[in-house]
Structures are given as structure tokens and as C-alpha cells.
Amino acid sequence: MSKQKIHIQGMHCRSCEILIEDELSKVKGVKKVYVNHKTGVADVDCECELDQNEVATAVQNAGYVVGEDGKMPLISKNRKDYIDLGIAFFITVALYFVAKTLGIFDLGKSITGGNYSSLPVVFIVGLTAGVSTCMALVGGLVLGAASRFSAKNPRATGMEKFTPHIYFNLGRIASYFVLGGALGFLGSIFQLSTSVLGMLTVIVGLVMLLLGGQLIDIFPFLKRVSFTLPKGISRALGIKEQSELEYSNTNSAIMGASTFFLPCGFTQAMQLFAMSSGSPLTGALTMGVFALGTAPGLLGVGGLTSVVKGNGAKLFFKTAGVVVILLSLFNITNGLNLLGVTPEVLGAFTTKAAAGNTVNDPNVKMVGGVQEVRMTQASGGYSPNKFTIRKGIPVKWIITSKDIYTCAASIASQQLNIRKGLQLGENVFEFTPKETGTIRFSCSMGMYTGSFTVVDDKESAGATQQTTLANTQTQNSGSAGSCSAGGCGCGGAAKKAAALQNNNEPATKPITQGNVQVIKATYTALGDISPNTFTVKANQPVKFEILSKDNGEGCMGSVAVPNLSKKVEMLTKGETTTFEFTPTSTGTYPITCAMGVPRGQIQVI
């Protein structure tokens, strides 16, 4: 028994190893073969000296060439590779807008009632795999089944000879759908933590990034890198032996189903994604659509590859590579969202609540000493999704779910130790923020996000008002007339802000005129806006009228209603200033000057 090493060019994954091992095993005298795509070497145990012509033929039958690969550069120096990549990127963008215009990204939602906008991209990944790795690895099994069918049915018509292909792919698609659902169910059973989900999603993204990098052919060294299950698994399952059994439609379907366990990087990236979803339906659809995408290549076997060849093949794979890379970045971003690793955490921005941050959030309402936060969840995410709350005060987070057939209905927050599927209607979570900073939340896949900004209770609205006043006084310090009564300068606005904080007068209710709620006030230089506290109903038009008996002075000569109207109006003696708006969310909204100094409030109930 002797050992020989055979150098082979063009290998890039474990699928290549299986194909070459199978072919070399047929060479006379060969007893055992072990192929390593990373070293580019096949170690052969043989009883005698190998016939090099037979060896070369066997390697060519597998789709490769005998010989040593040259050292692969880190980055391609071929100018045409970059031109093709630019064209591929342009094609990808064009296809995206076409698909979006045609509503292709909504197909999954229209079928299932959920949000599966990534399924068209999963199909494209499957199409790419079907004419590359899956074609190379699975194509031989299809051809084997087809040849045995032809031998058993020599008088079969051309259409009848297509039967093995159909059963093979039906078995493949069915098994991928069922086993994908099982993977999703497995993820839900274990109730993976948000940290584990985040890491899994990032890993999926990194694997997809690697596969996309290999397809665009800009980084040649990546062809030697792969992450797949050991090829021994497919050996242990006897998939090769199954392919050699006497033909039957059942055997063909079983063989197609067993390909779920073959070592293909694309397949295993999708399997990981299916498991990380924690949803049987999402897992089943992901794997089923992926298998459906591989079907055209496998049904055509050599037919489709004859179309996708030469320069056309390079452009096709580069375009697919761009799509895969974009999908990988999307997954990595989602995973980082789940892990709480964002640009803010990395230092691009500060996450700490700076002194002077206002807690006068119209979407946060104090009810019986508790901060009540209301949010709506729909198929498109959360609205509103950003809130400012005070440290040390209990929070009652009320989420109204309008669509539970979407990943947005599974909400998670690692900092709050929350991961739960929402029920239709109101869902309540209670917590007390202990530290200032940012508390993040997202769907279980990290696609839809939101946050709470926690500020110190000492840095409340009053502190914010004083900061604003200080800035205003600095700006007006050299201005004649800045000390005029009612103006911003010399503490006039500070007195008004303090008076507003201590205002115990009951809120003025609106006058109803048809369907419009009318609230009225009067402005004077001495008394400012009076009355200055109002109560109106949400989702009903409001008309706010201010009659000026004096000309406005200083910054208080202007008036605004932030978050309810974009207008900023000047107060002119004898004229009525009018704001018209329809409040859609409950909460307390300030009436201010143009500089943001509070002078009243409108409570929406």
C-alpha cells in the first residue's frame, strides 16, 4: 500500500472535496481518498502506481483540473473585475426598484399575513446556489437518478425522462420546508436569549458576507475559506449509497430530501437563519423558498449552466454576490441591534443623557406616580419608537399590537430582560429605570428597533427650561430692550417658566364647533398668554386662537406649538393668531416661544 499526493486546482469548499473523492475512488487501485480544499491536495491510498491519465480524467469528471493553484492575491488587480462589479451593483439597484414597484417584497406578507420581505432575496440566493455549489454537489445525484430511470425505461419519451428531476426536486423542496420549520421550532423551544439570537444573526451575516465576497471575485483568497458542516455527515447518512439504488420515484424523492444535510455553505447559512428566527413558519418559508430557488438550476442540470456561462456567468455571479453582501450587512446590523452594539455604543455618538435633556415627552404621561408609555406595533414596526423617561420612576409600557403575524410582534430587550410574543390588543410591561442612558428594544430578529432615553429626575423639564433661558440671555446680553417686560432677558422668561410650573389652575376645555375643538387665549405684555393650559381630545381637529392686545416683546413676541404644528407666529396688537392641527397621540404638548421657552401647555386625552 502506497500513499500519493495529487494537487488539484479550483477547489473552494467541502462540496468540492466530496465530488473529487467520489471520482478518484473509481480509479483502479485506489483504496482510500481524502481531499482537503484548503491545501488543494488529495491524499490517495493505493495498491499500485496510479495511472496519471486516469487520475486526470477522474478529476476533470468532477469539474476540476490536476495541478497546483498559484498563490492567490488578497485583492484582484484585474481592472475588468471592478468594472463588472460596478455593472453588477447597478443591476442590483435597478432590480430592487423594479421589485419594489411591482410589490414583489410584499408577496410573503400577502400570502401569510406577516412580514417576510426577505423571501425574494432568499429566492435569489437559492437561484445562485442552484447554478453553482448546489449544481456541482447535487447535480451528480440528479443525473444518476435520471440515468437509472432511462436504463429502466428505455422507451420513455423525452417528457417522461424528466420524471426523476421532478420527484427529486419535489422531495427536496418538501424536506427543506418541513425541516426548516423544525429548525424554527427548535429555536422557539429553546427560547434563545437575545444575546444568542444576536450572535446567531451576526454569524449568519458573516457567512453570507464570505459567500458574497467569493462570488464578486474581488478577493481571490476568500475562495480558500469556507464554513460548512463536516462532509462526514452526508457520508454517514448514506446519501451516495441511496443514489446507487434501483430507480423508483420514491427513491428519487428521498434522495432529493436527503440533500438538506449536504455540506453547502449557502444551505447552512439559510439553516442557521431559519433556526435563529425562532418561528416554525419563518423557518419553513425560508428553507422552502431557498430550495425553490435552487430548482431551476437542478431541473436544467446542464441546461441552465449553458445559458449562464462565459462573461454572462461572471456578471450573473457578481450580481448575486452584491445581493448576498447587502443581505449579509442587513443581518449583521440586525444582530448588532439585538446585542445592543450600535454606532452610539462604539463611540460615534454619546448614549448618555446630557444635562438639559427634556423629559417633557408628549408620549410619556404621568398617571398616579407612574410613567405611562403607549406604543403601537404593526407589520411595519413600532410607532412611536423613541421615548424620554425619568430615572427612578416606575414605567408602565403599553404596547397595542395590531398585527401578530410579523416578526415585529416578537419584542425583545436584553437590558429589560424581555423577550415575548405580543398578543392582539394591549400588552403591558412594567419596569423602573435605575440608570441614565439608553434602553434599547427591537423585534426578535433585530429588524425593527426603538429606545428609551433615561434622564435623571433632577434634569427635568424645569432644568431644561433654565438651560434654555441661560442660552437666550447670553444671546441677548448686549441687546437694547432685552430687559423689557415679558421679554426673555433679565429673567422675565424664567419667572414665566416658574409660574407655569406652579400653575394650579384647572385646564380650559374646548368649545366644540361642528367637529372642531376651539380653544382661545389672550396675549398681553404683562400677563403673557392667558389662559395657558388646555385640554383637548386626540384624533379630532383643534383650532387654537390667540388674540393679541399688545405687541409681542422680545422672544416672547413669537409663539409656537411644537410637535403639534410647524408654524411659528408673531404676536401683533389687534390681530388673532391661529394654529390648526389634529393631535394623534395622547400626552402633554408645550406652548412656547420661538426659542422653546415654555409658556403654557395643551393636554391631549
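Can you find a residue that is modelled with pLDDT under 85, closer than 28 Å to Thr582 by Cβ and under 28 Å from the mean Cα position of the chain (by Cα) anywhere in region 500-518?
Checked against the condition, which is being modelled with pLDDT under 85, closer than 28 Å to Thr582 by Cβ and under 28 Å from the mean Cα position of the chain (by Cα), region 500-518 yields no hits at all.
Of all the residues that make up region 366-392, how many are outside any strand (DSSP E or B) and either within 18 Å of the chain's Cα centre (by Cα) or surrounded by 18 or more Cβ atoms within 10 Å (Cβ to Cβ) (or both)? Give the derivation first.
Our first condition is that a residue be outside any strand (DSSP E or B); within region 366-392, this holds for 368-369, 379-380, 384-385, 391-392.
Still in the list and also either within 18 Å of the chain's Cα centre (by Cα) or surrounded by 18 or more Cβ atoms within 10 Å (Cβ to Cβ) (or both): 379-380, 385, 391.
The total comes to 4.
Any residue at all in region 39-60 that is under 24 Å from Phe219 (Cβ atoms) and charged (D, E, K, R)? Spell out how you get there, then give the answer.
Keep residues of region 39-60 that are under 24 Å from Phe219 (Cβ atoms), which gives 39-41.
This time we only want the ones that are charged (D, E, K, R), so: none.
The answer is no, given that none of the residues of region 39-60 is under 24 Å from Phe219 (Cβ atoms) and charged (D, E, K, R).
Per-residue answers, yes or no, for (1) assigned to a helix (DSSP H, G or I); (2) under 22 Å from the mean Cα position of the chain (by Cα); (3) surrounded by 16 or more Cβ atoms within 10 Å (Cβ to Cβ); (4) at pLDDT 70 or above:
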{"residue": "Ile203", "(1), (2), (3), (4)": "yes, yes, yes, yes"}
{"residue": "Leu210", "(1), (2), (3), (4)": "yes, yes, yes, yes"}
{"residue": "Ile218", "(1), (2), (3), (4)": "no, no, yes, yes"}
{"residue": "Arg235", "(1), (2), (3), (4)": "yes, no, no, no"}
{"residue": "Lys240", "(1), (2), (3), (4)": "yes, no, yes, no"}
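Within region 547-565, track down each residue that is surrounded by fewer than 20 Cβ atoms within 10 Å (Cβ to Cβ) and in contact with a Phe, Trp or Tyr (Cβ under 9 Å, 6 or more places away or on another chain). Walk me through how you get there before you give the answer.
Step one: filter region 547-565 for residues surrounded by fewer than 20 Cβ atoms within 10 Å (Cβ to Cβ), giving 547, 549-551, 553, 558, 562-563, 565.
Scanning region 547-565 gives Leu547, Lys549, Asp550, Pro562, Asn563, Ser565.
Give me the residue from region 82-106 that is touching a helix residue (DSSP H, G or I) at 6+ places or on another chain (Cβ under 7 Å) and modelled with pLDDT under 65 and, out of that set, nearest to Leu329 (Cα to Cα). Spell out the reasoning first.
Of region 82-106, the ones touching a helix residue (DSSP H, G or I) at 6+ places or on another chain (Cβ under 7 Å) are 84-85, 87-89, 91-92, 99, 104-105.
If we keep only those that are modelled with pLDDT under 65 too, we end up with 104-105.
Details: Ile104: 21, Phe105: 18 Å.
So the residue we want is Phe105.
Specify the residue that is surrounded by the fewest Cβ atoms within 10 Å (Cβ to Cβ); the eligible residues are those in region 396-434 that are part of a loop (DSSP other than H, G, I, E, B) and in contact with a Ser or Thr (Cβ under 6 Å, 6 or more places away or on another chain).
Let us first name the residues in region 396-434 that are part of a loop (DSSP other than H, G, I, E, B), namely 402-406, 414-417, 422-424, 432-434.
After this cut, where a residue has to be in contact with a Ser or Thr (Cβ under 6 Å, 6 or more places away or on another chain) as well, the list is 403, 406, 414, 422, 424.
On the way: Asp403: 17, Thr406: 24, Gln414: 19, Leu422: 20, Leu424: 11.
That would be Leu424.
(1) touching a residue at least 60 places away in the same chain (Cβ under 8 Å); (2) surrounded by 15 or more Cβ atoms within 10 Å (Cβ to Cβ); (3) closer than 19 Å to Gln513 by Cα: which one isn't true of Thr577, the others all being true?
It is condition (1) that Thr577 fails.
The values are calculated or read from the model by the stated rules, or taken from the named source; none is laboratory data. Here the structure is a predicted model, which means the values were calculated and not measured. So basically every Cβ, Gly included, is an ideal-geometry build from the backbone, and we count neighbours across all protein chains shown.
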